[in-house]
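Engineer: The structure under discussion is supplied below as C-alpha cells; questions concerning it will follow.
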C-alpha cells in the first residue's frame, strides 16, 4: 500500500531570548542576549499508509501540534525530512493544500460574521471545484453533519459544537486525501459526537482518505483509529495497533458511585478502591479479572447505591501507564 505520510529524523528546536533580572541584566540582555533552546520535536520517524486512521496522542506540550504544523507546511523543521502525498510540506505548501484538509481547534477557517454557507462557496472557488461536484458534496456534508438548521446563520451565533461540525465539514469539502484533525469532537454533546465519528468513519471507508487525529477522548480513538502513536517530550514512545492498546490499557474501567449510608464493600478480586468518601466511592475494575457486569451486580448488593456511572480510565492515566511500562526517559 502507498505511503501517505512519512518523516525521517524530523526535529524542531525553538530558540527564545531570555532576559536577565535587574537594570544591568536588562542592558546586558539587549546587547548580548542569552538564548534558550526548546526541543519541541526530537527526531521523529513516522510512516502512515494511505487510507489509514492514526491517533497521534500525548499530554499537553508533548509536541503534537508542532509535528502537525510541520506536516501541513505551517512550520519549517530545524532538521530532518517529511513527505506528505509526495510533497515536501514546507516547500510545496500551496500544491499540498489542494490535497489535504485540516481542523485546528485554535484556528477557524469560517468567517466569523458570515454564515458557513458563504465560507463553503468561497472554499469551492479557492479549490476550483466543479459546480456539480461542489453541490453534490456540499449537500452530503450538510446532511451528514446535520448542520442544515444553522448553515445560513452567522458563525458568531453558533455554539462551539455547531461551529466544530461546520469546521470539519468545510475541511472535507474539496475531497482531501489526507485530513489532519485536532480534537474534532471537543465541545460536542453525546449525540453530535457520535454523529461526527460515524461520518468521519464513513468518509474514510468510502473515500479511502488518510486521517491523522489528535484527541483526548478515548472514544474517538476506539471508534476511529486503526493505530495509535504516542508522543512525549518530542519523542515517539509507542506506535501500535489500537486493539493492542485496548488489550493492555483499556481493560480497566472506572466506576463512580453515590451511596447512602455506611459503605462496607468486601474485598473482591479485580476491584480496587481508588477513592472513598462518606457519600461516594470510586472504584477501578480490571475487566481481565472480573466482568464489569458481575462487578456492578456485586456492588449493588453490598451498597445502597443512589447513582452510578462507568467510564474508561482517563487518557492521561493510560499515557502515564505506558511511560512507566516503556521506561522512556524524557
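The values are calculated or read from the model by the stated rules, or taken from the named source; none is laboratory data. Worth saying up front: this structure is predicted, and the values here are computed from it rather than measured. Reconstructed Cβ throughout: ideal geometry from the backbone, glycine too, with neighbour counts over all protein chains shown.
Engineer: Please note which strands (runs of 3 or more DSSP E) are completely contained in the stretch 1-112 and include at least 3 residues that are within 30 Å of residue 320 (Cβ to Cβ) and free of Cβ contacts under 8 Å to residues at least 60 places away in the same chain.
Structural biologist: Per the criteria, 34-49.
Engineer: Mind listing whichever residues of the stretch 10-46 are at pLDDT 80 or above and exposed (fewer than 14 other Cβ atoms within 10 Å of the Cβ)?
Structural biologist: 14, 15, 16, 36, 37, 38, 45
Engineer: Go through the stretch 147-172 and report how many residues are more than 28 Å from residue 54 (Cα to Cα) and assigned to a helix (DSSP H, G or I).
Structural biologist: Looking only at that region, the number is 6.
Engineer: Also, I was wondering about something else. Mind checking whether some residue in the stretch 145-154 is in contact with a helix residue (DSSP H, G or I) (Cβ under 6 Å, 6 or more places away or on another chain) and under 20 Å from residue 209 (Cβ atoms)?
Structural biologist: The answer is yes, given that some residue of the stretch 145-154 is in contact with a helix residue (DSSP H, G or I) (Cβ under 6 Å, 6 or more places away or on another chain) and under 20 Å from residue 209 (Cβ atoms).
Engineer: In addition: Go through the stretch 240-263 and give me each residue that's part of a strand (DSSP E or B) and surrounded by fewer than 18 Cβ atoms within 10 Å (Cβ to Cβ).
Structural biologist: Within the stretch 240-263, 240, 241, 253, 254, 256, 258 meet the criteria.
Engineer: Quick check on the stretch 129-143. Is at least one of its residues assigned to a loop (DSSP other than H, G, I, E, B) and farther than 30 Å from residue 45 by Cβ?
Structural biologist: Checked against the condition, which is being assigned to a loop (DSSP other than H, G, I, E, B) and farther than 30 Å from residue 45 by Cβ, the stretch 129-143 yields at least one hit.
Engineer: If I ask for residues that are under 17 Å from the mean Cα position of the chain (by Cα), more than 13 Å from residue 197 (Cα to Cα) and crowded, with 22+ Cβ neighbours inside 10 Å, which ones from the stretch 143-171 would you list?
Structural biologist: The answer is 167, and nothing else.
Engineer: Between 112, 127, which is more than 25 Å from residue 71 (Cα to Cα), assigned by TED's automatic domain parsing to the domain that holds residue 67 and surrounded by fewer than 20 Cβ atoms within 10 Å (Cβ to Cβ)?
Structural biologist: 112
Engineer: Same structure again: Determine whether residue 220 is assigned by TED's automatic domain parsing to the domain that holds residue 194, modelled with pLDDT of 85 or more and either surrounded by fewer than 21 Cβ atoms within 10 Å (Cβ to Cβ) or over 24 Å from residue 104 (Cα atoms) (or both).
Structural biologist: no
Engineer: Take residue 272 and tell me if it is buried (at least 17 other Cβ atoms within 10 Å of the Cβ) and part of a strand (DSSP E or B).
Structural biologist: It is false that residue 272 is buried (at least 17 other Cβ atoms within 10 Å of the Cβ) and part of a strand (DSSP E or B).
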